[in-house]
1. Rank these for me by crowding, A:14, B:176, going from fewest to most other beta carbons within 10 Å.
2. How far, in degrees from 0 to 90, does helix B:24-52 lean away from the longest principal axis of the Cα atoms of chain B, to the nearest 10?
3. Working only with C-alpha atoms, what are the Rg and Dmax values of the protein assembly as shown, expressed in angstrom?
4. Which whole-number percent gives the relative contact order of chain B, counting Cα pairs below 8 Å spaced six or more residues apart?
5. Quick one: if the Förster radius is 45 Å, what FRET efficiency do residue B:168 and residue B:443 give, using the C-beta to C-beta distance and rounding to 0.05?
6. With only alpha-carbon atoms in the gyration tensor, what are the semi-axes of the equivalent ellipsoid for segment B:209-280, in Å, largest first?
7. Using only the alpha-carbon atoms, how far is helix B:428-463 inclined from the longest principal axis of chain B? Give it as 0 to 90 degrees, nearest 10.
8. Per residue of A:153-160, count partner chain C-beta atoms within 10 Å of its C-beta, then hand back the mean as an integer.
């Protein structure tokens, strides 16, 4: 049947587009209509169902921090997803407590999304509350002062701009915090 | 020159045509793309060096890794590879149709606009105007210019095909048409539709675009070139028309489904992951159909690889295509993905597709057309051979070390007893080898750029552009 495309450009074009749109529509337009959890912000008040908490939109300062995170390309080396792998829940965990896995409802307000494709540095999906402001200041000025062997670039122009620095830290401290996963609320500020 | 046997199979191809092609558009696209290949090559080396010496240029905000990496990716994809492929398309479409290009004026305007786009991209990415979507970092106004340029390209090519003298269309023409149309929709999705979505929904669109930027832009336009230049450069008819049809139509159907395989084990619906895995495995069909066709074409002709540099690039590109497209389906399997995903395996895989395969095709095409469009001889066959071996050895060094390193890295990540920083330190020898492989590849680029520029300059000295 498709041999008609040998001689007819119109036929070739129509057939190529029809085949493309079958898969295109079924995998991009349909999934969010089927899986409502992609658009429903996380909220849970029942400890029996796992970590409690509520996803809140970022405030102005946190959004500014997020814009800096996007601008500097932090997301090229740091993913933001604790996958359904045991090792991921251990690595995103902290002080002996495993992290809950990331679910679509934790990212409803994210744009641009920051899931990432490459982990040159550790995953940041649960970094919120793990390190205090002073740690971030030292680390961003020169990562190797705190983590010998790190290949992260230094970011002195952020640390030297108090507004930018505070915004970035404010954003980092929100990461993974919709799910209140730390026992005793032992988050750093 | 022996009779051009390749044309017997190239159904209804201009054989002894009287059409005189101007090729001005092809010249501009190819020459400017090579300039970007060289410039962006310097950036590529710089970011590879930053893995070995992280302090390098570290206190200058616009030369930091996070700014240079998108410039490297966008520069290589759109400045070099796509522009070169477009130049090759402007060459091969009029010849397969037996007519002149619809409009050289429109083509030249497209070339100028394309250069404006690339220069705007350099400025905006260094300034940190990054939208935050991989492969779609460029500001909206640059994206709009890309769309306009693509429409101008599409009008020119479709109008040429519409005027064709030969009714039957060779497989390269379908791939070119497919590429132009699919690219339009894939690009609009990845650069504009994402603006109206958030979270996982947006990520799904973004990865549909990322995957299909390679699968439905660079693959069809690159295969169009390979289908044209392998028979041409080897002076051998294509093995099977039927097999090329299977390859094309299965590609059209299968590729677009696979975007979600970038989020395996991640926060996206399991059933969508399974669909992506299933269709990723089916990618073996179009790939093997194409690769078998090319290998069978070369049957009894392999001795030509000794002397013929374009053919060396083409057939090594086919081997890398086979390898990279075997890797792809394999690491979409959940078990393999749990090890290699997010590791250095991934850049190894991406570079084998875009450098080892599609850039090799583009380089081969350039070596084939440049003496013809400038109506002169190639400046140096020996230098072209050096270009091949530098890129081949550098490329293999790059790919193989990153696969081994990435696999090893993934295994370490899966053992949570190993602190993360130790998995970083373990990769340092790998990154050092990658940097020095990059130096070899860059030397290949220099040889390539010099050879082509010298050919063009000689032609101008002899007889004018």
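Just so it is clear, none of the values below were taken in a lab; they were calculated from the coordinates. Quick caveat, the model's predicted, so the values are computed rather than measured. Counting neighbours? That spans all protein chains shown, and the Cβs are built from the backbone with ideal geometry, glycine included.
1. A:14, B:176
2. 20
3. Final numbers for Rg and Dmax: 25.2, 84 Å.
4. The value is 17 percent.
5. For residue B:168 and residue B:443, the calculated efficiency is 0.55.
6. Output for segment B:209-280: semi-axes of 32, 13, 8 Å.
7. That works out to roughly 20 degrees.
8. 4
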